[in-house]
Amino acid sequence: MLSLNKKEILKIQKNKPPYLMMDCATKIIPGKLSEGYKILKPNEWFFKVHWEKDPNMPGMLQLEAISQISSLAVLTLPNNAKKTMYLVSMNNIRFYKKVLPKEKILISSKIEYRKDNYFQFKGQIKVKRTLVCKVDFAMLLNN
């Protein structure tokens, strides 16, 4: 089992701030699962545009956060660091409540199926203990 701080995450995957949607990976079991979090600062770039009088984290960025955490379960496997993972499908997407400034999003993902460089995941985001988003999706590891 691994845990990675932001500096270590940046050595493994290609997303950079401000598009990096995680602060820390608290639990990674390579080839199986990954968990982490992001604390949403009030000055995050997306709060300025989504929405001015009702700032909240866009649903698509919630899905991006899940895919970024998920990629760590694959990129921590031997010889995979800094490779690119491409999102190929998303299904059963559900959003349950807004994600607001100052909230800590808890992001988790589990690999459900793998064939060669193709991976299927189940992912979710919680704020405190409340489920705010969940999704089934697939990613492809580019060699």
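The values are calculated or read from the model by the stated rules, or taken from the named source; none is laboratory data. Here the structure is a predicted model, which means the values were calculated and not measured. So basically every Cβ, Gly included, is an ideal-geometry build from the backbone, and we count neighbours across all protein chains shown. Note: accessible area is taken over every heavy atom of the protein model, side chains too, but ligands, DNA and RNA are not part of it. Shrake-Rupley method; radii C 1.70, N 1.55, O 1.52, S 1.80 Å.
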Q.
Just checking, does the range 69-87 include any residue being touching a Phe, Trp or Tyr at 6+ places or on another chain (Cβ under 9 Å) and among the aromatic types (Phe, Trp, Tyr)?
A. no
Q. In the range 99-123, which residues are closer than 30 Å to Lys48 by Cβ, within 14 Å of the chain's Cα centre (by Cα) and of a type in the set (D, E, K, R)?
A. Lys104
Q. Only one residue in Gly123, Gly36 is over 17 Å from Leu4 (Cα atoms) and of a type in the set (Gly, Ala, Ser). Which one?
A. Gly123
Q | Whichever residue in the range 73-111 is of a type in the set (D, E, K, R) and in a strand (DSSP E or B) and, among such residues, is farthest from Ser34 (Cα to Cα) | A | Arg94
Q: Could you list, in sequence order, all residues of the range 116-140 that are charged (D, E, K, R) and buried (at least 17 other Cβ atoms within 10 Å of the Cβ)?
A: Lys122, Lys126, Lys134
Q) What do you reckon, is Lys14 touching an Asp or Glu at 6+ places or on another chain (Cβ under 8 Å) and charged (D, E, K, R)? A) no
Q) Taking only pairs six or more apart or across chains, which ones have beta-carbon atoms under 9 Å, a first residue in the range 5-27 that is within 17 Å of Leu63 (Cα to Cα) and in contact (Cβ under 8 Å) with a residue 24 or more places away in the chain, and a second residue that is assigned to a loop (DSSP other than H, G, I, E, B) and of a type in the set (Val, Ile, Thr)? A) Ala25/Thr76
**Q.** Members of the range 1-33 found to be of a type outside the set (Val, Ile, Thr) and in contact with a Gly (Cβ under 9 Å, 6 or more places away or on another chain), listed by number
**A.** Ser3, Leu4, Met22, Asp23, Cys24, Ala25, Lys27
Q. Which of (1) touching a Ser or Thr at 6+ places or on another chain (Cβ under 7 Å); (2) among the polar types (S, T, N, Q); (3) open to solvent by 90 Å² or more (accessible area, probe 1.4 Å) is the odd one out, the single condition Asn92 does not satisfy?
A. (1)
Q.
Against the definition (under 20 Å from Leu140 (Cα atoms) and open to solvent by 60 Å² or more (accessible area, probe 1.4 Å)), how does Tyr113 come out, yes or no?
A. yes
